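Derivation of every value follows stated rules applied to the coordinates shown; laboratory data play no part. What you are looking at is a predicted structure, and each value in this text was computed from that prediction instead of being measured. Cβ: placed from backbone, ideal geometry, glycine included. Neighbour counts: every protein chain shown.
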Amino acid sequence: MRKTISLSMFICAVFCACIAAQTITPSSWVPSNLGTKISQNAVTATDAQIRTYIDAYQKGIDTLDQELDIVKRCLPALKENVFILYREYNQNHSRSQYESPDFSVTECLDWLQQDMGFYLTRLAQGINPDLAMKGAWRPKTYWLPEWEIMGRYDAIVPTAYNAQLSWPLILSTQGNPDIAQIKNTPYILACCMKKGYQNNDTKEQAKNKAILLDMAYDFNIDPLRLFATGFSKGGQQSLKLGIRYPDWYAGIIAPHHDLLMANFPVQWEALMDLITIPTLIVHSPADGYFEDTTFHYMLLNGCPVQWVNDGNGHTADWIFEDHIDSLVAFCDTITMNPFPKKIRHTVEHKRYSRAYWTNMHAMADEGMIDARYEVEVIDTHLIEIRLLKNAAKVQGFDFYLSSDLIDMTAPLVVVCAGDTVYNAMPMFRTSISLQTGPTNIHANIVLLLWQQIDNIRRTTFGTNTQVEEAVLAASHTGPVLSAWPNPFNPAVTISLGVVGSIVQTHVYDISGRMVTDLTKRMVNGLVTWDASAQPSGVYVVRATVNGRVYTTQMTLMK
């Protein structure tokens, strides 16, 4: 019978040796700038613990059979955990960067130790960790470079998980969908629970991004099927993320959110920008944070938004506990189109200048820019810019163009307020100047989050055509007319999987009488119809695209 040594025994043995030798040499794969301080003796007990982990995990990694494919796949994540330890060891001993809402170093080290033990004990025996991943809870850690601190989160893996396929992911920032139920769905769940309320939006956003990038190395996630949710303040943060980084998430679920117009006037107004992100609001007049104006405001501005009145007070139980199937059904219908033909975006601050393939240049680097624009591809040779708010603060744009948007082989015309501001051959990065001023006041984002995750996915799990297929599905061919939820009350989102074409969309009752014309309200193939004024019954949606007619039935149940 083969004898194995547990990782804890291995660490203990290394610790004893470390105390005696007091010397740790960085492995050859550790960047030289990280290893400069490791030769210094530990000052605190926490430093000693980190130092011990570094030595143990380096040796554990170096003794693996690195010719095995599964070891090769796991190495980047394992090495990153060691790099996190080096970075933490290199910090000041007071660890003053950690704030009350952050998990402490000790709490993060506990998660990292469990994570490394899970992988190293299996890989040392040539066992694929994926076999133990199905339906598992996985403790994970990450590094937040802007604040130079560790963080931790929980990953919940579907029981059917197969690393050879790409899986959708739901990230929850406060409260979670029921874990026992979510395991039986196709969705990986990232639980980003915290110890207290994080009132620094920039830090919270950076944490979410760091978690998603960290997960991409461990799990084969679909970069175009990421969803944000969270109860109360978590719903507020999810909506803010959608406003500020519209190309991060395919959809948003905001149960009993507290993004109120009086408290967040700039962000509340910017909810009108969510024309590319299907949003599910679960709320009730029984909740003191409820404002029915939010749903109607978004609906009026062409956002694909749904409102479910769960009849509850301030709780997310309806969607997170009692109706997980509704959450899953909402997400099942959505894949992000990374190249929408129409974009509406508010740039609060220069860090939020990028939205999909558009990047706005501000005239001045100020705390609150609050400029809003629309950019629309009118046809394959024409793009229109519309400045909707604080136009004087907009210097110009960069457009990151491709054949998914326009004809790259012919001259492109860009117009703004009736003036032609560009008339030349398009380039991958086409710069548009609207007024004389600096051209460097923007976020300088080149690769979007979905592109970063897709690059990791292809490198770690192998190339596939997930993104290409999604882009093709959002093109002009093969439209599919759908309505969700169905049955519905009082609003339903109608989707026609077609972007860039004129779509004649009408709703009829069962007798054939036209109830409403939704043609002018459809944006990026999506439109939401509020049937509050209509009686219960069966309705028919009729959409006409390029002479072809598509129909589907939906039921209003009051």
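Relative contact order of region 133-336: 17 percent, from C-alpha pairs under 8 Å at least 6 residues apart in sequence. Among the listed pairs Lys140/Lys195; Lys72/Lys209; Lys209/Lys342; Lys183/Lys209, a Cα-Cα separation exceeding 19 Å is found for Lys72/Lys209; Lys209/Lys342; Lys183/Lys209. Considering only alpha-carbon pairs that sit under 8 angstrom and 6 or more positions apart, the relative contact order computed for the chain is 9 percent.
Given the rule -39500 (n - 2.57) for each run of at least 4 DSSP H residues, summed and divided by the residues of the chain, what is its mean residue ellipticity at 222 nm, to the nearest 500 deg cm²/dmol? Please report the intermediate quantities before stating the final value.
Values: 12 runs with 151 residues, N = 558.
Taking each H run of at least 4 residues, the total per residue is -8500 deg cm²/dmol.
Among beta bridges from DSSP that stay inside region 342-447, the antiparallel ones total about 90%. Compute the whole-percent fraction of alpha carbon pairs in region 100-241 spaced more than 28 Å apart. Taking all Cα-Cα pairs of region 100-241, the fraction more than 28 Å apart is 15 percent. Distance between the modelled labels on Met557 and Gln452, one decimal in nanometres: 4.3 nm (7 Å Cα→Cβ projection). Under the simplified labelling scheme, the Ala286-Asn90 pair shows an inter-label distance of 5.4 nm, with each label point 7 Å from Cα along Cα→Cβ.
Between Thr106 and Asp201, the FRET efficiency from the beta-carbon distance, with R0 = 30 Å, is close to 0.65.
What translational diffusion coefficient, to the nearest whole µm²/s, does region 501-558 have by Stokes-Einstein, given a Kirkwood radius computed over alpha-carbon pairs, a temperature of 10 °C and 1.306 mPa s viscosity? Mind showing how you got there, number by number?
Values: Rh = 11.9 Å.
Answer from the Stokes-Einstein relation: 133 µm²/s.
Suppose every Lys and Arg Cβ carries +1 and every Asp and Glu Cβ carries -1, with no other charges. What dipole size does the chain come out with about its Cα centre, to the nearest 20 debye? Before the final figure, lay out the partial values.
Numbers: 44 positive and 54 negative charges, 135 e Å.
Using only the charged Cβ atoms, the result is roughly 640 debye.
Could you tell me the relative contact order of region 32-104? Use alpha-carbon pairs under 8 Å, at least six residues apart, and round to a whole percent.
Values: 36 pairs, mean separation 33.3, N = 73.
About 46 percent, as a whole number.
Between Thr409 and Ala329, how many nm apart are label points set 7 Å from Cα along the C-beta direction? So the two model labels end up 4.6 nm from each other.
When a footprinting reagent is the concern and you count Cβ atoms within 10 Å, what order do Lys240, Lys209 take, fewest first? Provide the component values of the computation, followed by the final result.
Numbers: Lys240 22, Lys209 17.
With the sparsest Cβ surroundings first, the list reads Lys209, Lys240.
Remark: the Thr436-Asp379 segment gains 17.7 nm on full extension, using 0.36 nm per residue and subtracting the alpha carbon distance.
Just need the Rg to Rh number for region 133-336, please, alpha carbons only, Kirkwood Rh.
On the way: Rg = 16.0 Å, Rh = 17.0 Å.
The Rg/Rh ratio comes out at 0.94.
Rounded to the nearest 0.05, the FRET efficiency derived from the C-beta distance between Thr293 and Ala392 at R0 = 45 Å is 0.95. Here the chain carries DSSP beta bridges of which approximately 75% are antiparallel, counting only pairs with both residues inside. Think of region 20-106 as having a plus end and a minus end, set by charges on the Cβ of Lys, Arg, Asp and Glu; of Ser27, Gln40, Ile84, Gln40 sits farthest toward the positive end of this dipole.
Cβ-to-Cβ counts within 10 Å put Phe428, Phe290, Phe264, Phe295 in ascending order as Phe428, Phe264, Phe290, Phe295, the fewest first.
Taking all pairs of different Cα atoms in region 228-278, averaging 1/r and flipping that mean, what Kirkwood radius in angstroms comes out?
Details: mean 1/r = 0.0944 Å⁻¹.
That comes to 10.6 Å for region 228-278.
Computed from Cα atoms, the angle from the helix 449-461 axis to the main principal axis of the chain rounds to 50 degrees. Computed from the Cβ-Cβ distance with R0 of 56 Å, the FRET efficiency linking Asn486 to Val43 stands at 0.35. Note: the chain, Cα convex hull, 172 Å³ per residue.
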